[in-house]
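Structure first, commentary second.
The values are calculated or read from the model by the stated rules, or taken from the named source; none is laboratory data. Just so we're clear, the structure is a prediction, and the values are computed from it rather than from any experiment. Cβ atoms come from the backbone with ideal geometry, glycine included; neighbour counts cover every protein chain shown. With ligands, DNA and RNA removed, areas are computed over all heavy atoms of the protein, side chains included. Shrake-Rupley method; radii C 1.70, N 1.55, O 1.52, S 1.80 Å.
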Amino acid sequence: MSNPLEKPRLGEPYLLTPGPLSTAYTVKQAMLRDWGSWDDDFRAMTRQIRTDLLAMIGDDQQLFDCVPVQGSGTFAVEAMLGTLLPADSKTLVLANGAYGQRTAKILQTIDLRHTIIDKGDYLPPRGYEVTAALNADPDITHVVAIHCETSSGILNPLEEISEATYAAGRSLLVDSMSAFGAIDINHTNVRFDAIVSSANKCIEGVPGFGFVIVRKDLLQGAKGRCHSLSLDLHDQWATLEKTGQWRYTPATHTIAAFVEALRLHRLEGGVGARGQRYRSNRDTLVAGMRALGFETLLNDRWLSPIIVTFFNPADPAFVFARFYDLMKEQGFIIYPGKLTEVDSFRIGCIGQIDSSVMQSVVEAAAEALKRMGVSSAQPPEQAFAEREKLQQS
Ligand SMILES: *Cc1c(COP(=O)(O)O)cnc(C)c1O
């Protein structure tokens, strides 16, 4: 199916950021009316988004339910962890960037036992490492994986992580915040017990809530467990089931916008077609930027279709703040890097953009380099050599 990118645009810059991102005109338009949160029409919208989201994991046996939670994605991650992890649990966190670190920080904050495999900025946690860690520590009950680690853009190998987790008889919880809706996560192919995402990533809604798709038997067993009242996923679920209403004020306009975003997602052809558009965005971007001399932090095998990290050029005439301003002047908001060791910046491939927009991004980057007097966008040789060495395996 072709991509129904919605026109007109409003003269605002494109957000090449991993959420909030550029949304369709009709998604913005859907927010031009007010809804009573107790009203039947609004309850029907809530029911519909829960059903539509569940359908994306192909839950034929109806083992799962979808529970939305107010707030940004992190609120939903914290709700998932606080509700599903028993007091005597111990969690293995697979970290290779800021979002894995954040999960560990949540567990520390709510005082749940955990241990971490930290792969640094740009290496994937592998199935054999999970197996070794689980064999070495019988106390571990759960594993948390980040599907696409948005801080580098690496697409982590969820299948082998899942296989290792269940082969060792443990339970997998997945932060699929920036992948859900664009990368197929059918639970008949990849086993997991809960998966979390939010409104403003690959479904292309506006910010305001997250959602957890979770096995119903685990929800049923979680009554009264959560450390927090407002983040109690069991209580939220029980209330939704009983009354059709959210506990506490829902982000009504965000939800109305999300219904429209889901309609556009279906119209485009669902998860497969959305992922395909993002992959072609990425391919246009990466090929064009490489032609300018830029190089990606990750080698092709680990590049996600969600967001791409580029090394800052070695040329001393390159100054990121100036590059940012020059890109913004040309209508593109890019994203600073979030790595601890090398200087980098990121360009998102998600949202209402297609490969012709990406081609313009490349042209804008060429123009920005010219105006800064950067003759080559090549990264420092050492950073590049390091990448090659480490990612061979
Ligand atoms: C966006 C994102 C989150 C949530 O971030 P918020 O700023 O709270 O919305 C969590 N994990 C990943 C991998 C993300 O990309």
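Of note:
- Of the trypsin sites (Lys or Arg not before Pro) found in segment 199-292, those that fall in a DSSP loop while having at most 16 other beta-carbon atoms within 10 Å are LYS223, ARG225.
- The calculated FRET efficiency for ARG266 paired with LYS28, based on their beta-carbon distance and R0 = 30 Å, is about 0.95.
- Extended-chain gain in nm, criterion 0.36 nm per residue less alpha-carbon gap, ASP184 and SER375: 64.7 nm
- A Förster distance of 25 Å, applied to the separation of the beta-carbon atoms of SER280 and GLU367, puts the FRET efficiency at 0.65.
- Rounded if a/c under 1.5, otherwise prolate or oblate - segment 270-390, Cα gyration tensor axes: oblate
- Extending 7 Å from Cα along the Cβ direction at ALA287 and again at GLU12 yields two label points whose distance is 3.1 nm.
- In summary, the convex hull built on the alpha carbon positions of segment 114-161 has an orientation-averaged projected area of 3.4 nm².
- Taking all protein chains as shown and a probe of 1.4 angstrom, HIS187 keeps an accessible surface of around 30 Å².
- Using the Cβ-Cβ distance between ASP111 and ALA136 with R0 set to 35 Å, the FRET efficiency works out to roughly 0.90.
- Bridging of LYS28 to lysines at a Cα separation below 28 Å is possible for LYS7, LYS201, LYS328, once same-chain residues fewer than 8 apart are set aside.
- Straight-line cross-link partners of LYS389 among the lysines, defined as a Cα under 24 Å from its Cα and at least 8 positions apart when in the same chain: LYS119, LYS338.
- Extents of segment 1-138, largest first, come to 55, 37, 33 Å (Cα atoms, principal axes, whole angstrom).
- Percentage relative contact order, the chain, counting C-alpha pairs under 8 Å, at least six apart: 23
- Zone of GLU159's modelled label, taken as backbone nitrogen in segment 175-208 under 13 Å from a point 7 Å along Cα→Cβ: 184-186, 188-191
- Share of Cα-Cα pairs in segment 156-235 lying beyond 19 Å, as whole percent: 45
- Taking 0.36 nm per residue of separation and subtracting the Cα-Cα distance, full extension of the segment from TYR166 to ARG47 would add 39.7 nm.
- Max-minus-min Cα coordinates of the chain on each principal axis give 63, 55, 35 Å, with the largest extent listed first.
- At the residue level, VAL308 shows approximately 0 square angstrom of accessible surface with a 1.4 angstrom probe and all protein chains present.
- Distance between segment 352-375 and segment 116-155 - C-alpha centres, whole angstrom: 35
- Near-label residues of segment 299-331 by backbone N, under 20 Å of a point 7 Å along Cα→Cβ of ALA385: 299, 311-316
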